[in-house]
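Below is one structure, written out as C-alpha coordinates; comments come after it.
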Ligand code: SF4
(Lines give C-alpha, C1' and ligand atoms only; values in the text may rest on other atoms or scores of the structure.)
Protein backbone atom coordinates (compact mmCIF):
# COMPACT_ATOMS: atom_id res chain seq x y z
CA UNK A 1 0.00 0.00 0.00
CA UNK A 2 1.17 3.52 -0.74
CA UNK A 3 -0.61 6.07 1.42
CA UNK A 4 0.31 8.84 -1.03
CA UNK A 5 -2.20 7.35 -3.48
CA UNK A 6 -4.94 8.32 -1.04
CA UNK A 7 -4.11 12.00 -0.60
CA UNK A 8 -1.87 11.74 2.47
CA UNK A 9 1.62 13.19 2.59
CA UNK A 10 3.97 11.20 4.83
CA UNK A 11 6.86 13.21 6.22
CA UNK A 12 10.19 11.96 7.52
CA UNK A 13 10.71 13.59 10.93
CA UNK A 14 13.77 15.82 11.22
CA UNK A 15 14.37 14.95 14.85
CA UNK A 16 12.89 12.66 17.49
CA UNK A 17 12.18 13.78 21.03
CA UNK A 18 11.13 11.87 24.14
CA UNK A 19 7.44 12.31 23.48
CA UNK A 20 7.74 10.90 19.94
CA UNK A 21 9.87 7.98 21.05
CA UNK A 22 7.39 7.16 23.77
CA UNK A 23 4.62 7.15 21.15
CA UNK A 24 6.60 4.73 19.00
CA UNK A 25 7.21 2.35 21.89
CA UNK A 26 3.59 2.49 22.98
CA UNK A 27 2.33 1.73 19.50
CA UNK A 28 4.26 1.92 16.19
CA UNK A 29 1.05 2.55 14.26
CA UNK A 30 0.22 5.48 16.54
CA UNK A 31 3.64 6.92 15.79
CA UNK A 32 3.00 6.55 12.07
CA UNK A 33 -0.38 8.27 12.13
CA UNK A 34 0.63 11.02 14.56
CA UNK A 35 4.19 11.81 13.48
CA UNK A 36 4.63 10.56 9.92
CA UNK A 37 1.20 11.65 8.66
CA UNK A 38 0.96 14.36 11.35
CA UNK A 39 -2.68 13.55 12.10
CA UNK A 40 -4.52 14.74 15.16
CA UNK A 41 -8.14 14.11 16.02
CA UNK A 42 -10.46 17.05 15.48
CA UNK A 43 -11.36 18.03 18.99
CA UNK A 44 -14.69 19.40 19.99
CA UNK A 45 -14.04 22.45 22.13
CA UNK A 46 -14.02 21.48 25.80
CA UNK A 47 -12.76 17.93 25.22
CA UNK A 48 -9.13 16.83 24.90
CA UNK A 49 -7.99 20.20 23.61
CA UNK A 50 -8.77 21.90 26.91
CA UNK A 51 -6.33 19.65 28.76
CA UNK A 52 -3.56 20.53 26.33
CA UNK A 53 -4.34 24.27 26.20
CA UNK A 54 -4.60 24.46 29.97
CA UNK A 55 -1.16 22.86 30.35
CA UNK A 56 0.35 25.10 27.68
CA UNK A 57 -1.03 28.22 29.38
CA UNK A 58 0.41 27.08 32.72
CA UNK A 59 3.82 26.69 31.03
CA UNK A 60 3.58 30.28 29.73
CA UNK A 61 2.71 31.48 33.22
CA UNK A 62 5.60 29.57 34.80
CA UNK A 63 7.95 30.98 32.19
CA UNK A 64 6.82 34.51 33.01
CA UNK A 65 7.18 33.81 36.74
CA UNK A 66 10.65 32.33 36.48
CA UNK A 67 12.03 35.06 34.24
CA UNK A 68 12.36 37.46 37.18
CA UNK A 69 10.28 35.81 39.90
CA UNK A 70 7.76 38.54 39.11
CA UNK A 71 4.15 37.80 40.06
CA UNK A 72 2.75 40.76 38.13
CA UNK A 73 4.44 39.54 34.94
CA UNK A 74 3.03 36.07 35.52
CA UNK A 75 -0.49 37.43 36.05
CA UNK A 76 -0.28 39.57 32.90
CA UNK A 77 0.87 36.54 30.92
CA UNK A 78 -1.97 34.46 32.33
CA UNK A 79 -4.47 37.17 31.38
CA UNK A 80 -3.12 37.28 27.84
CA UNK A 81 -2.61 33.56 27.18
CA UNK A 82 -5.55 31.99 29.01
CA UNK A 83 -7.77 30.03 26.58
CA UNK A 84 -11.05 31.79 27.29
CA UNK A 85 -13.17 28.90 26.03
CA UNK A 86 -12.17 26.82 29.09
CA UNK A 87 -14.83 27.69 31.63
CA UNK A 88 -16.64 25.64 34.31
CA UNK A 89 -19.59 25.45 31.91
CA UNK A 90 -17.58 23.77 29.15
CA UNK A 91 -15.03 21.83 31.16
CA UNK A 92 -15.74 18.66 33.13
CA UNK A 93 -12.85 19.44 35.50
CA UNK A 94 -14.35 22.88 36.14
CA UNK A 95 -11.20 24.67 35.08
CA UNK A 96 -11.41 28.44 34.72
CA UNK A 97 -9.24 31.52 34.52
CA UNK A 98 -10.02 32.32 38.14
CA UNK A 99 -8.86 28.86 39.17
CA UNK A 100 -5.58 29.29 37.35
CA UNK A 101 -5.05 32.67 39.04
CA UNK A 102 -5.78 30.97 42.33
CA UNK A 103 -3.37 28.16 41.43
CA UNK A 104 -0.64 30.67 40.58
CA UNK A 105 -1.02 32.39 43.95
CA UNK A 106 -0.92 28.98 45.60
CA UNK A 107 2.25 27.99 43.75
CA UNK A 108 4.02 31.27 44.58
CA UNK A 109 2.89 30.98 48.17
CA UNK A 110 4.29 27.47 48.47
CA UNK A 111 7.57 27.75 46.55
CA UNK A 112 8.13 31.43 45.72
CA UNK A 113 10.11 32.63 48.73
CA UNK A 114 12.41 29.63 49.05
CA UNK A 115 13.01 29.43 45.28
CA UNK A 116 14.04 33.09 45.11
CA UNK A 117 16.37 32.55 48.05
CA UNK A 118 17.88 29.28 46.80
CA UNK A 119 17.98 29.43 42.99
CA UNK A 120 19.19 31.78 40.33
CA UNK A 121 17.37 31.28 37.03
CA UNK A 122 19.80 30.66 34.16
CA UNK A 123 17.42 29.89 31.28
CA UNK A 124 13.67 29.83 30.79
CA UNK A 125 12.13 27.66 28.08
CA UNK A 126 15.35 26.28 26.69
CA UNK A 127 15.06 24.40 23.41
CA UNK A 128 17.98 22.02 22.86
CA UNK A 129 19.19 20.00 19.91
CA UNK A 130 22.30 18.19 21.10
CA UNK A 131 24.54 15.86 19.14
CA UNK A 132 27.19 13.86 20.98
CA UNK A 133 29.57 12.37 18.44
CA UNK A 134 31.24 10.08 20.98
CA UNK A 135 28.04 8.12 21.40
CA UNK A 136 26.52 9.19 18.07
CA UNK A 137 23.28 10.40 19.57
CA UNK A 138 21.23 13.44 18.57
CA UNK A 139 18.49 14.37 20.99
CA UNK A 140 16.23 17.38 21.15
CA UNK A 141 13.54 18.77 23.41
CA UNK A 142 12.54 21.72 25.50
CA UNK A 143 13.54 22.19 29.11
CA UNK A 144 11.15 24.40 31.07
CA UNK A 145 13.89 26.13 33.00
CA UNK A 146 17.44 25.72 34.20
CA UNK A 147 18.60 27.09 37.52
CA UNK A 148 21.76 27.38 39.59
CA UNK A 149 21.59 26.61 43.27
CA UNK A 150 22.99 29.63 45.10
CA UNK A 151 24.54 27.45 47.80
CA UNK A 152 26.66 24.75 46.13
CA UNK A 153 26.41 26.33 42.62
CA UNK A 154 25.09 23.12 41.08
CA UNK A 155 22.91 23.38 38.00
CA UNK A 156 19.42 21.89 38.20
CA UNK A 157 17.01 21.42 35.30
CA UNK A 158 13.33 21.96 35.97
CA UNK A 159 10.10 20.65 34.55
CA UNK A 160 6.47 21.71 35.08
CA UNK A 161 3.53 19.44 34.70
CA UNK A 162 -0.20 19.73 35.14
CA UNK A 163 -2.27 16.66 35.82
CA UNK A 164 -5.78 15.70 36.81
CA UNK A 165 -4.95 12.06 37.47
CA UNK A 166 -1.96 10.92 39.49
CA UNK A 167 -1.82 7.24 40.26
CA UNK A 168 0.60 5.74 42.78
CA UNK A 169 3.24 5.22 40.06
CA UNK A 170 3.02 8.71 38.53
CA UNK A 171 6.52 9.76 39.59
CA UNK A 172 8.04 6.30 38.98
CA UNK A 173 6.78 6.47 35.43
CA UNK A 174 8.57 9.78 34.91
CA UNK A 175 11.72 8.71 36.70
CA UNK A 176 12.27 5.86 34.24
CA UNK A 177 10.78 7.63 31.23
CA UNK A 178 12.89 8.98 28.36
CA UNK A 179 12.23 12.62 29.17
CA UNK A 180 13.91 13.34 32.53
CA UNK A 181 17.27 11.58 32.04
CA UNK A 182 17.33 13.11 28.54
CA UNK A 183 16.97 16.60 30.00
CA UNK A 184 19.77 15.97 32.47
CA UNK A 185 21.98 14.54 29.68
CA UNK A 186 21.23 17.56 27.47
CA UNK A 187 21.76 20.02 30.34
CA UNK A 188 25.12 18.42 31.03
CA UNK A 189 26.11 18.92 27.37
CA UNK A 190 24.88 22.52 27.26
CA UNK A 191 26.99 23.61 30.22
CA UNK A 192 30.42 22.35 29.24
CA UNK A 193 32.81 22.13 32.16
CA UNK A 194 30.01 21.67 34.70
CA UNK A 195 28.26 18.53 35.81
CA UNK A 196 24.48 18.42 35.68
CA UNK A 197 22.94 15.55 37.62
CA UNK A 198 19.58 16.66 38.86
CA UNK A 199 16.07 17.44 37.68
CA UNK A 200 13.17 18.77 39.72
CA UNK A 201 9.56 18.49 38.68
CA UNK A 202 6.68 20.64 39.92
CA UNK A 203 3.26 19.14 39.35
CA UNK A 204 0.08 21.15 39.60
CA UNK A 205 -2.53 18.50 40.36
CA UNK A 206 -6.01 19.82 39.74
CA UNK A 207 -9.25 17.99 40.19
CA UNK A 208 -12.78 19.36 40.11
CA UNK A 209 -12.86 20.45 43.73
CA UNK A 210 -9.27 21.37 44.57
CA UNK A 211 -5.67 21.69 43.50
CA UNK A 212 -2.36 20.73 45.07
CA UNK A 213 1.33 20.94 44.22
CA UNK A 214 3.97 18.26 44.34
CA UNK A 215 7.69 18.68 43.88
CA UNK A 216 10.10 15.79 43.35
CA UNK A 217 13.83 15.57 42.65
CA UNK A 218 15.52 12.90 40.54
CA UNK A 219 19.24 12.35 40.18
CA UNK A 220 20.91 10.83 37.14
CA UNK A 221 24.63 10.23 37.69
CA UNK A 222 26.64 9.11 34.62
CA UNK A 223 25.96 5.36 34.93
CA UNK A 224 22.25 6.13 34.69
CA UNK A 225 22.55 8.52 31.75
CA UNK A 226 24.90 6.03 30.03
CA UNK A 227 22.20 3.42 30.34
CA UNK A 228 19.64 5.94 29.06
CA UNK A 229 21.87 6.59 26.01
CA UNK A 230 22.14 2.87 25.24
CA UNK A 231 18.43 2.39 25.63
CA UNK A 232 17.44 5.42 23.55
CA UNK A 233 19.82 4.34 20.78
CA UNK A 234 18.41 0.80 20.79
CA UNK A 235 14.90 2.13 20.21
CA UNK A 236 15.90 4.86 17.79
CA UNK A 237 17.77 2.38 15.61
CA UNK A 238 14.59 0.35 15.15
CA UNK A 239 12.51 3.43 14.58
CA UNK A 240 14.75 4.88 11.85
CA UNK A 241 14.92 1.52 10.07
CA UNK A 242 11.13 1.51 9.93
CA UNK A 243 10.95 5.13 8.83
CA UNK A 244 13.42 4.49 6.03
CA UNK A 245 11.79 1.26 4.85
CA UNK A 246 8.09 1.99 5.33
CA UNK A 247 7.54 5.74 5.10
CA UNK A 248 4.60 5.40 2.72
CA UNK A 249 3.13 2.11 3.93
CA UNK A 250 1.12 2.21 7.19
CA UNK A 251 0.46 -1.54 7.04
CA UNK A 252 4.15 -2.17 7.92
CA UNK A 253 3.77 -0.45 11.30
CA UNK A 254 2.71 -2.73 14.16
CA UNK A 255 -0.50 -2.21 16.09
CA UNK A 256 -0.14 -2.55 19.83
CA UNK A 257 -3.63 -3.64 20.79
CA UNK A 258 -2.61 -3.72 24.45
CA UNK A 259 -2.35 0.06 24.35
CA UNK A 260 -5.65 0.97 22.65
CA UNK A 261 -7.49 1.59 25.92
CA UNK A 262 -4.61 1.96 28.34
CA UNK A 263 -5.35 5.53 29.49
CA UNK A 264 -8.86 5.84 28.14
CA UNK A 265 -9.36 5.37 24.43
CA UNK A 266 -6.45 6.09 22.13
CA UNK A 267 -7.11 9.00 19.76
CA UNK A 268 -6.96 6.56 16.84
CA UNK A 269 -9.36 4.06 18.40
CA UNK A 270 -12.15 4.95 15.91
CA UNK A 271 -9.77 4.10 13.07
CA UNK A 272 -8.49 0.75 14.27
CA UNK A 273 -11.77 -0.45 15.70
CA UNK A 274 -13.29 -0.16 12.20
CA UNK A 275 -13.09 -3.29 10.07
CA UNK A 276 -10.16 -2.94 7.68
CA UNK A 277 -12.21 -3.30 4.55
CA UNK A 278 -12.12 -1.16 1.45
CA UNK A 279 -11.59 2.49 2.35
CA UNK A 280 -13.30 2.39 5.75
CA UNK A 281 -10.29 3.46 7.77
CA UNK A 282 -9.06 5.99 5.24
CA UNK A 283 -12.48 7.63 5.25
CA UNK A 284 -12.37 7.99 9.05
CA UNK A 285 -8.90 9.48 8.88
CA UNK A 286 -9.99 11.94 6.23
CA UNK A 287 -13.19 12.98 8.01
CA UNK A 288 -12.20 13.11 11.65
CA UNK A 289 -8.52 14.07 11.69
CA UNK A 290 -6.52 17.13 10.72
CA UNK A 291 -2.87 17.53 9.83
CA UNK A 292 -1.17 19.19 12.77
CA UNK A 293 2.36 17.93 13.32
CA UNK A 294 3.86 17.74 16.77
CA UNK A 295 6.88 20.03 16.83
CA UNK A 296 9.30 19.54 19.74
CA UNK A 297 10.57 23.09 19.22
CA UNK A 298 7.21 24.62 20.10
CA UNK A 299 6.20 25.47 23.62
CA UNK A 300 3.63 23.14 25.05
CA UNK A 301 3.13 20.28 27.37
CA UNK A 302 5.05 17.09 26.75
CA UNK A 303 4.49 13.81 28.50
CA UNK A 304 2.00 15.49 30.79
S1 LIG B 1 -5.97 2.43 18.52
FE2 LIG B 1 -4.53 0.92 19.27
S3 LIG B 1 -3.53 0.11 17.47
FE4 LIG B 1 -4.53 2.02 16.90
S5 LIG B 1 -2.97 3.58 17.09
FE6 LIG B 1 -4.08 3.52 18.99
S7 LIG B 1 -2.92 2.11 20.29
FE8 LIG B 1 -2.26 1.78 18.20
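The values are calculated or read from the model by the stated rules, or taken from the named source; none is laboratory data. Computed from a predicted structure; not experimentally measured. With ideal geometry, Cβ positions are generated from the backbone for all residues, glycine too; neighbour counts draw on all protein chains shown.
Look at (1) crowded, with 21+ Cβ neighbours inside 10 Å; (2) in contact with a helix residue (DSSP H, G or I) (Cβ under 7 Å, 6 or more places away or on another chain); (3) closer than 26 Å to residue 130 by Cβ and you find that residue 61 fails only one, number (3).
Among all residues of segment 174-187, there is at least one that is over 30 Å from residue 98 (Cβ atoms), without any contact (Cβ under 8 Å) to a residue 24 or more places away in the chain and more than 16 Å from the ligand (Cβ to nearest atom).
Among residues of segment 10-19 being modelled with pLDDT under 95 and out of contact with any strand residue (DSSP E or B) (no Cβ under 7 Å at 6 or more places or on another chain), the one that is farthest from the ligand (Cβ to nearest atom) is 14.
Please return the ranges of helices (runs of 4 or more DSSP H) entirely within segment 26-144 where 1 or more residues are within 16 Å of the ligand (Cβ to nearest atom).
Of the helices (runs of 4 or more DSSP H) lying wholly inside segment 26-144, those with at least 1 residues that are within 16 Å of the ligand (Cβ to nearest atom) span 28-31, 48-68.
Within segment 246-267, identify whether any single residue is more than 16 Å from the ligand (Cβ to nearest atom) and assigned to a loop (DSSP other than H, G, I, E, B), and answer yes or no. Yes, segment 246-267 contains at least one residue that is more than 16 Å from the ligand (Cβ to nearest atom) and assigned to a loop (DSSP other than H, G, I, E, B). Does segment 196-219 contain any residue that is under 22 Å from the mean Cα position of the chain (by Cα), within 16 Å of the ligand (Cβ to nearest atom) and within 27 Å of residue 165 (Cα to Cα)? No, segment 196-219 contains no residue that is under 22 Å from the mean Cα position of the chain (by Cα), within 16 Å of the ligand (Cβ to nearest atom) and within 27 Å of residue 165 (Cα to Cα). Tell me, which residue of segment 261-286 that is within 20 Å of residue 25 (Cβ to Cβ) and touching a residue at least 60 places away in the same chain (Cβ under 8 Å) is surrounded by the most Cβ atoms within 10 Å (Cβ to Cβ)? If we take residues in segment 261-286 being within 20 Å of residue 25 (Cβ to Cβ) and touching a residue at least 60 places away in the same chain (Cβ under 8 Å), then 268 is surrounded by the most Cβ atoms within 10 Å (Cβ to Cβ).
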